[in-house]
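Undergrad: The structure follows.
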Amino acid sequence: MNKLEVGFELDRQLAADSIVLGDFPLCRLLLINDRQYPWFVLVPRRAGISELYHLSDSDRVQMMVESCDLSAALADGYAASKMNVAAIGNVVNQLHVHHVVRFESDASWPAPIWGKFPAKAYTSVEIEAIDKKVKSLLETTLLSAGHEST
């Protein structure tokens, strides 16, 4: 843990709903445990941050780089119809940015995914496959690897 991460803890709700896939230079990469959508979340490893404007200028730039790199990799790797990227934070106060791969064939298309259907958990085999795929798509940018259920 570097000194800028001191005091960082993943929000309890995010931890309950996700699997940690690894870390970028700034953000922790999570997979939301809902097999209906390839749904990933970036969480800056900074304590007490609830809004993008709370980040330092350099962290804001880094967050945008990581978000764009993740979006491009997911859009290409999953042949997305559309990428939905959002930082809403009405339920979870900790700053986190959703990256949802959308398909015209998905259960919620074209509406937003939030609250549409109850989550359907991945199997351990599916998690392993996604972990491997995402790490292969992000091999030059994802720093630490190894997924862990949270």
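The values are calculated or read from the model by the stated rules, or taken from the named source; none is laboratory data. All of these numbers come straight from a predicted model, not from anything done at the bench. Backbone-built Cβ (ideal geometry, glycine too); neighbour counts: all protein chains shown. Accessible surface is based on the protein model in full, side chains and every heavy atom, while ligands, DNA and RNA are left aside. Shrake-Rupley method; radii C 1.70, N 1.55, O 1.52, S 1.80 Å.
Undergrad: Answer with yes or no whether Glu139 is part of a loop (DSSP other than H, G, I, E, B), loosely packed, with under 12 Cβ neighbours inside 10 Å, of a type outside the set (Gly, Ala, Ser) and modelled with pLDDT of 95 or more. Explain how you work it out, then say what you get.
TA: Working: part of a loop (DSSP other than H, G, I, E, B): yes; loosely packed, with under 12 Cβ neighbours inside 10 Å: yes; of a type outside the set (Gly, Ala, Ser): yes; modelled with pLDDT of 95 or more: no.
No; evaluated as a whole, the condition is false for this residue.
Undergrad: Could you name every one of the strands (runs of 3 or more DSSP E) located completely within the stretch 39-124 that has at least 1 residues being under 19 Å from Pro25 (Cα atoms)?
TA: Result: 39-44, 97-102.
Undergrad: Return the residue satisfying two criteria in turn: it lies in the stretch 34-82 and is in contact (Cβ under 8 Å) with a residue 60 or more places away in the chain and more than 21 Å from Glu104 (Cα to Cα), and of such residues it is least open to solvent (accessible area, probe 1.4 Å).
TA: Looking at residues that are in contact (Cβ under 8 Å) with a residue 60 or more places away in the chain and more than 21 Å from Glu104 (Cα to Cα), I get Glu66.
Undergrad: Also, I was wondering about something else. For the stretch 9-33, give me the residue count where each residue is open to solvent by less than 30 Å² (accessible area, probe 1.4 Å) and either in contact with a Gly (Cβ under 9 Å, 6 or more places away or on another chain) or not hydrophobic (A, V, I, L, M, F, W, C) (or both).
TA: Going through the stretch 9-33 one residue at a time, the tally reaches 6.
Undergrad: Quick one: in the stretch 106-115, of everything that is open to solvent by 50 Å² or more (accessible area, probe 1.4 Å) and small (Gly, Ala, Ser), which residue is modelled with the lowest pLDDT?
TA: Per the criteria, the residue is Gly115.
Undergrad: Would you mention how many residues in the stretch 83-105 are modelled with pLDDT of 95 or more, open to solvent by less than 60 Å² (accessible area, probe 1.4 Å) and not hydrophobic (A, V, I, L, M, F, W, C)?
TA: Count: 6.
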